[in-house]
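Peer 1: Just passing along the structure, written as structure tokens.
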Amino acid sequence: MQNERVSGSIAHVFEGLAAQIEAVDISAHGDAIVAARALIDRLEAKVAEAEAQYSKARGFEPDGFGSMAAFERHRCRQTVSESRRTARRAACLAAWPEVAEAWRSGRLTGTQVELMAAKVPDRHVQRFAVTAAETVSILAPLTTWQTQKALARWVKVSDATAEREAAEAGVEPSTLVPERELSAWRSIDDV
């Protein structure tokens, strides 16, 4: 009974949103396109925040999926690469609530958040969480290109800091090898 009420209220909210989207007519004008894209980005931020909470709570398991990426792939009809990016972003935003809030409020763009999730390696996710508020204030006014450069610099400094901390702790400093990944899949054009 409780589940049916929750499902009914969720359906009601999204039916209203769907009706409003249907009613919108976007003119083929630069300013209209920019404004529409900004609204899409704000909605994406809200969806991403829900995905972060769902991922952190491992909500995909009771729903019958072994991972967040599998949930995104099957229930949200994403490609393999898109589902992996979405799951990675959800895991990062769960650790970086300041980043999620900055995206929702419009201080960061979705592109900047995607870059953070892609460029900050797993070994530094928690280190990034410690400085997230300050990092957001630095990255917010930057362009996409500048954000990429700043994140690359942040990772380089973090690697050096991690090595120094290991040496100071008396642990054999290891050379940090950047994580690399290779994936293969068919594109939409069957390539």
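Peer 1: For the range 138-159, check the following and say yes or no: at least one residue is in contact with a helix residue (DSSP H, G or I) (Cβ under 6 Å, 6 or more places away or on another chain), among the small types (Gly, Ala, Ser) and either modelled with pLDDT under 95 or assigned to a loop (DSSP other than H, G, I, E, B) (or both).
Peer 2: yes
Peer 1: Another question about this same structure. Within the range 107-161, which residues are within 21 Å of ARG85 (Cα to Cα), among the small types (Gly, Ala, Ser) and open to solvent by 30 Å² or more (accessible area, probe 1.4 Å)?
Peer 2: Scanning the range 107-161 gives ALA118, ALA150, ALA152.
Peer 1: Could I ask something else about it? Just to verify a result, which residue in the range 57-93, among those that are small (Gly, Ala, Ser), surrounded by 20 or more Cβ atoms within 10 Å (Cβ to Cβ) and under 9 Å from the mean Cα position of the chain (by Cα), is farthest from ASP41 (Cα to Cα)?
Peer 2: Restricting attention to the range 57-93, the residues satisfying the condition of being small (Gly, Ala, Ser) are 57, 59, 64, 66-67, 69-70, 81, 83, 87, 90-91.
Restricting the remaining residues to those that are surrounded by 20 or more Cβ atoms within 10 Å (Cβ to Cβ) gives 69, 83, 87, 90.
Right, trim to under 9 Å from the mean Cα position of the chain (by Cα) and you get 87, 90.
Values: ALA87: 18, ALA90: 16 Å.
Selected residue: ALA87.
Peer 1: Taking only the range 11-50 into account, find how many residues are open to solvent by less than 100 Å² (accessible area, probe 1.4 Å) and either on the phi > 0 side of the Ramachandran plot or in contact (Cβ under 8 Å) with a residue 60 or more places away in the chain (or both).
Peer 2: The number of residues fulfilling the criteria is 5.
Peer 1: Show the residue pairs that are 6+ apart or on different chains and have beta-carbon atoms under 8 Å apart, the first residue being within the range 100-111 and over 13 Å from ILE40 (Cα atoms), the second being among the charged types (D, E, K, R) and surrounded by 17 or more Cβ atoms within 10 Å (Cβ to Cβ).
Peer 2: What qualifies is ALA100/GLU49.
Peer 1: Looking at the range 23-68 only, could you name the residues that are touching a Lys or Arg at 6+ places or on another chain (Cβ under 9 Å), of a type in the set (A, V, I, L, M, F, W, C) and within 22 Å of VAL13 (Cβ to Cβ)?
Peer 2: Within the range 23-68, ALA45, ALA48, ALA52, PHE60 qualify.
The values are calculated or read from the model by the stated rules, or taken from the named source; none is laboratory data. Since we're looking at a predicted model, the values are computed, not measured. When we count neighbours, we look across all protein chains shown, and the Cβ atoms used for this are built from the backbone with ideal geometry, even at glycine. With ligands, DNA and RNA removed, areas are computed over all heavy atoms of the protein, side chains included. Shrake-Rupley method; radii C 1.70, N 1.55, O 1.52, S 1.80 Å.
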